[in-house]
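Just below is one structure, and these are the notes that go with it.
The values are calculated or read from the model by the stated rules, or taken from the named source; none is laboratory data. Just so it is clear, the model here is predicted, and its values are computed rather than measured. Cβ: placed from backbone, ideal geometry, glycine included. Neighbour counts: every protein chain shown.
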Amino acid sequence: MVGFSEKAQQLGFSRFSDIPEHLVYEEWDGVPILYRGAQAQMLQNYNLNELEMGSSIFQSLIIGYILKVLFSSNLDNKKYAILTNKPGLHLGYRNNISNDIAIVERGRIQNKRSVQYSTVPPKVAIEVDVKADYEQEFESFDDYINQKTQKLLAFGVEKVIWILSSERQEVRVSTPAQTTIHAWTDTIETLEGVTFCLNDMDLS
């Protein structure tokens, strides 16, 4: 990744804290990872306060479908919490990332009223597409996915599921043992026999 000081000078910032918070998607080893497209818009002198970084309709429908499957499943709600709305993870000093959906063991959450990022590795982390500005910081689309997956697994996440809908339509499932790539017609297990198939989404 490009060092923060070099990138900050290019964008006109001297400190991490100078970058508008809503433009920063994640922080990797002190390097700000911006939302995809944010840097280009910043360099074109857009009004930063008018930028909104969110999910597309298709991405939102995918996330909604996965949440519907999870909340209507037989997953033990007393044992697991299903987190959404970009749940943040604090991996360590100056390492903060987010997921689209995370399934966490409730018993490991010490303070459920905390306003800080979680330090508890999810059992399962689910990502829908890449929202990070990978073209500026990483060698490729796959490089970002692979590096983020390894960060999550090293942190203690047991399964990382990537649902890709834009560059390609596939599902990647990674555990510490292996990574498998699936078609949208495949049935994917999240946890304890709870499965989904993207072809079952209602797009009518």
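Quick one: in region 97-118, which of the residues that are touching a Gly at 6+ places or on another chain (Cβ under 9 Å) and of a type in the set (S, T, N, Q) is farthest from Glu170 (Cα to Cα)?
For region 97-118, the residue satisfying everything is Gln116.
Keeping to region 193-204, report how many residues are of a type outside the set (Ser, Thr, Tyr) and in contact with an Asp or Glu (Cβ under 8 Å, 6 or more places away or on another chain).
Applying the first criterion (of a type outside the set (Ser, Thr, Tyr)) to region 193-204 yields 193-194, 196-203.
Then keep just the ones that are in contact with an Asp or Glu (Cβ under 8 Å, 6 or more places away or on another chain); that gives 197.
Of the residues in region 193-204, 1 are of a type outside the set (Ser, Thr, Tyr) and in contact with an Asp or Glu (Cβ under 8 Å, 6 or more places away or on another chain).
Within region 100-146, can you find the residues that are polar (S, T, N, Q) and in contact (Cβ under 8 Å) with a residue 60 or more places away in the chain?
Hit for region 100-146 is Gln136, nothing else.
Which members of region 177-204 meet the condition of being surrounded by 12 or more Cβ atoms within 10 Å (Cβ to Cβ), under 25 Å from Phe138 (Cα atoms) and not β-branched (Val, Ile, Thr)?
Hit for region 177-204 is His182, nothing else.
What are the pairs with Cβ atoms under 9 angstrom where one residue, in region 19-33, is free of Cβ contacts under 8 Å to residues at least 40 places away in the same chain and the other, located anywhere, is among the hydroxyl-bearing types (Ser, Thr, Tyr)? Sequence gap at least six, or different chains.
From region 19-33, the pairs are His22/Tyr35; Leu23/Tyr35; Val24/Tyr35; Pro32/Tyr25.
Can you find a residue that is among the charged types (D, E, K, R), over 13 Å from the mean Cα position of the chain (by Cα) and either in the same structural domain as Ile33 (by TED's automatic domain parsing) or closer than 22 Å to Ser60 by Cα (or both) anywhere in region 180-193?
Yes.
Being closer than 17 Å to Lys159 by Cβ, crowded, with 19+ Cβ neighbours inside 10 Å, charged (D, E, K, R) and touching a helix residue (DSSP H, G or I) at 6+ places or on another chain (Cβ under 8 Å), is that true of even one residue in region 68-91?
no
Listed residues Ile161, Ile103, Ile97, Ile145; which is within 17 Å of the chain's Cα centre (by Cα), under 23 Å from Gly37 (Cα atoms) and not in a helix (DSSP H, G or I)? First the steps, then the outcome.
Details: Ile161 fails: under 23 Å from Gly37 (Cα atoms); Ile103 fails: under 23 Å from Gly37 (Cα atoms); Ile145 fails: not in a helix (DSSP H, G or I).
One residue alone meets the criteria, Ile97.
Being aliphatic (A, V, I, L, M) and touching a strand residue (DSSP E or B) at 6+ places or on another chain (Cβ under 6 Å) is the filter; apply it to region 44-65 and report the residue that is modelled with the lowest pLDDT.
Met53
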